[in-house]
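In what follows, a structure is listed as structure tokens, so that the remarks can point back to it.
Readers should treat all values here as calculations from the given coordinates under stated rules, not as data from a laboratory. No experiment lies behind these values; they were computed from the predicted model shown. Cβ coordinates were reconstructed from backbone atoms using ideal geometry, including for glycine residues, and neighbour counts include every protein chain displayed.
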Amino acid sequence: MKNLGFLLKYSLRNLKRNPKRTAIIFITLAISTTFAIWSFNVNESGIGESVNEITGHYVGKYQIGHKEFDLFSSEIKMHRYLRGDFELAQSPLVTPRVLSPVFISGEKKTVGALMVGVDPARERSLTTFYKSIAEGNYLLDDSVSNPIVLGGKLANRLNVKLNDEVVVLGQGLDGSVANDLFKVVGIYSLGGGDLEDRLMFTNIKKLREFITMPEDGYHLLVGMNPTAYEKIDQNKVNIMPWEKLIPDVSISLLFMMKLNFVLTLIMVFVISLGVSNTLFVSFNERQKEIQSLNVIGANSTWITLSLMIETFSMLILAVITGSILATVISNYFFYHPIDLRLFTGGKEVMIGGMKINAMVKVNNLLYSHIISISMISVFVALSMIYPIARVLKRSKRVS
Amino acid sequence: MLVDLKNVSKVYGETQETQTHALKTVNLTINKGDFMAIIGPSGSGKTTLLNCLAGLITPTTGEILFKDKRIDQLSLEERTEHRLTNMGFVFQDYQLLPVLTAKENVELPLQLKGMDQKTINELSLKALDEVGILHLKDRFPKEMSGGQQQRVSIARSVVSRPSLVLADEPTANLDSKTAQEVIDLFLSLNEKHQITFIFSTHDQRLMDHVKKIVKMQDGVIL
């Protein structure tokens, strides 16, 4: 377009016509940008941290098993397992596990539970479950040949304590009965969550022996970094992401994310209605001037562009300001984390039966800036359609 | 012949009860260099006639030819382009853009035409000089008197050397001395550049100076 400089000059100077009104729109847009970005930052950071914490604790970001091994089937097909020659097996990015449903007997009671055989060293490098050990250790003592780590709830039900012995009764892969005496070397606590009652751990080597699995066999490979399995043939194995492994947690977190998105969207929509009204008043006051422009020879495109430049220049300044403010605020809350217990009356925050870190560090995420700025820009663009269309229509009316 | 109106009628309103005949079979010829006033009482149809000449409205029936080209059949955007190319406008209340200086206001039609900045500068300064307010070129409208603003408005209307300038009550808001100065300015521009001026006016001072008067009443030229 020719003589864009003149058009820009005219449009930008119009911003100074009513400084108070311009300031109100500018501040409204800047604050809503700040709030939207900060809100996304808090939500994404909180959820991101929770996901890392929950998955990093025990479940992992993904689990890889034999194609026919299904954790959620009524009958766990224990004889469907992977072997050591599977390409990912030795990678430090994953830790192998063997699973076996068993009966465990204490002094006066026998209950059913799932026994998990883990490689303590590799497990420790990938998960944070060892931090949940309330008494004893997480299978670190090699001198104990049949170690077992129980949940606090299960230990209470069985009425056993550290260093007591329990009988474990299970089934070997060949169908035979397996039973052995195990020594309680550790008791873990998950803040009273259900897992405490269902899961117990032993050394993977011991569990293989217990169920007569070959020395290089395992049911699952658990990892935190999904890039690890990108190259493997996904048709040969069953890859279960954390969203499928703990769907209740995944759905809750997804709900929180979507709720935040919808609430922010509603806020931006309401603000855009206000902006639209202010633009309408502002353009309407210049109706006669715009009419004269049309009489002199300014076509609809020129008039529309001038009004759009005026609005968009204000929007650009406002979102830049809002973006900077949101960065400053988010950085502050990164170094001064938000304590979620403020919203739970001081109680611990539990997700999916697990206690999570209540201190949320707010990360300044590019995603939050992009989504917020896009959202506000689209709504402001939509909000000026009616005022511009109306003023243009009326500019062609002759009195 | 610059403009030719043939049997132009304009009817407002859609139903029989609401219809108003603003122009009734008007025939008018305007020649290059004319210095003409359209006069008549309120509601006589002079504003409608001026709007038809400007291409701001289209007649219900009849033809309007500008340099032998029908403008009543042009689209809205084509008529806007036609005004920019061929016409200048002077308004009773000046209608200057308040955020632009005197020079920038005069530049407006040239900028809309997309001319180069060097030519725009030369032409706008020349136009301001012609109307005698070159020294006020950097002032904003609110920093000028009514007479000075009307001079800027006149400079804007003639800067691109249009064939026709339409002026709606150009002296109505001015005191006698300033009005006379503005009338003299119109006369000098008409004589110097052969620009055709059509005024809609009630001002006797202006009527005393025009070369032709078109009287209107009830939508008819008397």
In deg cm²/dmol, rounded to the nearest 500, the helical mean residue ellipticity at 222 nm of the protein assembly as shown, built from -39500 (n - 2.57) for every DSSP H run of length 4 or more, is -14000 deg cm²/dmol
Taking only the alpha carbons of the protein assembly as shown, the radius of gyration and the largest Cα-Cα distance, Dmax, both in angstrom, are 42.0, 126
Expected vector for the stretch A:164-173, Karplus 3J(HN,Hα) from phi with 6.51, -1.76, 1.60 and θ = phi - 60°, integer Hz, x for Gly and Pro, equals 6, 10, 10, 9, 10, 10, x, 10, x, 5
Two pseudo-spin positions, 7 Å from Cα along C-beta at B:Q194 and at A:F334, lie apart in nanometres by 7.4
With DSSP loop assignment and no more than 14 other C-beta atoms within 10 Å, the trypsin sites (Lys or Arg not before Pro) in the stretch A:74-149 are A:K77, A:R83, A:K108, A:K109
Gyration tensor (Cα only) of the stretch A:150-278 to equivalent ellipsoid, semi-axes in Å sorted down, yields 47, 23, 11
So, relative contact order of the stretch A:173-315 in percent, Cα under 8 Å, 6 or more apart, is 12
Share (percent) of C-alpha pair distances in the stretch A:1-100 greater than 17 Å works out to 75
Once A:V262 and A:R341 are pulled to full extension, the length gained, defined as 0.36 nm per residue separation minus their Cα-Cα distance, is 26.0 nm
Dividing the mean separation of Cα pairs under 8 Å (6+ apart) by the residue count of the stretch B:63-204 yields a relative contact order in percent of 29
Relative contact order in percent for the stretch A:245-399 (Cα pairs under 8 Å, 6+ apart) equals 42
Within the stretch A:39-72, DSSP-loop GluC sites (Glu not before Pro) with at most 16 other C-beta atoms within 10 Å are A:E68
Chain B, Gaussian network, Cα under 10 Å: of B:G55, B:G88, B:G43, the residue fluctuating most is B:G43
For B:K113, counting only lysines whose alpha-carbon sits under 25 Å away and dropping same-chain residues fewer than eight positions off, the answer is A:K2, A:K9, A:K288, A:K393, A:K396, B:K32, B:K67, B:K69, B:K103, B:K126, B:K137, B:K192
Ranked by GNM mean-square fluctuation in chain A (Cα springs under 10 Å), the top entry among A:N18, A:N203, A:N146 is A:N18
Candidates A:V116, A:V262, A:V42; GNM for chain A (alpha-carbon contacts under 10 Å) flags as most fluctuating A:V262
Rounded to 0.05, the calculated FRET efficiency for the beta carbons of B:T15 and B:T61 at R₀ = 22 Å is 0.75
Rounded to a whole number, the Stokes-Einstein D of the stretch B:1-137 in µm²/s (Kirkwood radius over Cα pairs; 10 °C; 1.306 mPa s) is 92
Of all GluC sites (Glu not before Pro) in the stretch A:216-310, the ones in DSSP coil with at most 15 other Cβ atoms within 10 Å are A:E230
Its Cα gyration tensor gives the stretch B:68-148 an equivalent ellipsoid whose semi-axes in whole Å, largest first, are 26, 15, 11
Semi-axes of the stretch A:85-234 from the Cα gyration tensor (sqrt of 5 times each eigenvalue, largest first, whole Å) come to 26, 18, 13
Between the alpha carbon centres of the stretch A:256-334 and the stretch A:115-189 the gap in Å comes to 62
At R0 = 41 Å the Cβ-Cβ FRET efficiency linking A:V167 and A:S252, nearest 0.05, sits at 0.60
Here the Kirkwood hydrodynamic radius of the stretch A:287-355, Cα-based and in Å, equals 17.0
Kirkwood-based Rg/Rh on the Cα set of the stretch B:107-166 evaluates to 0.96
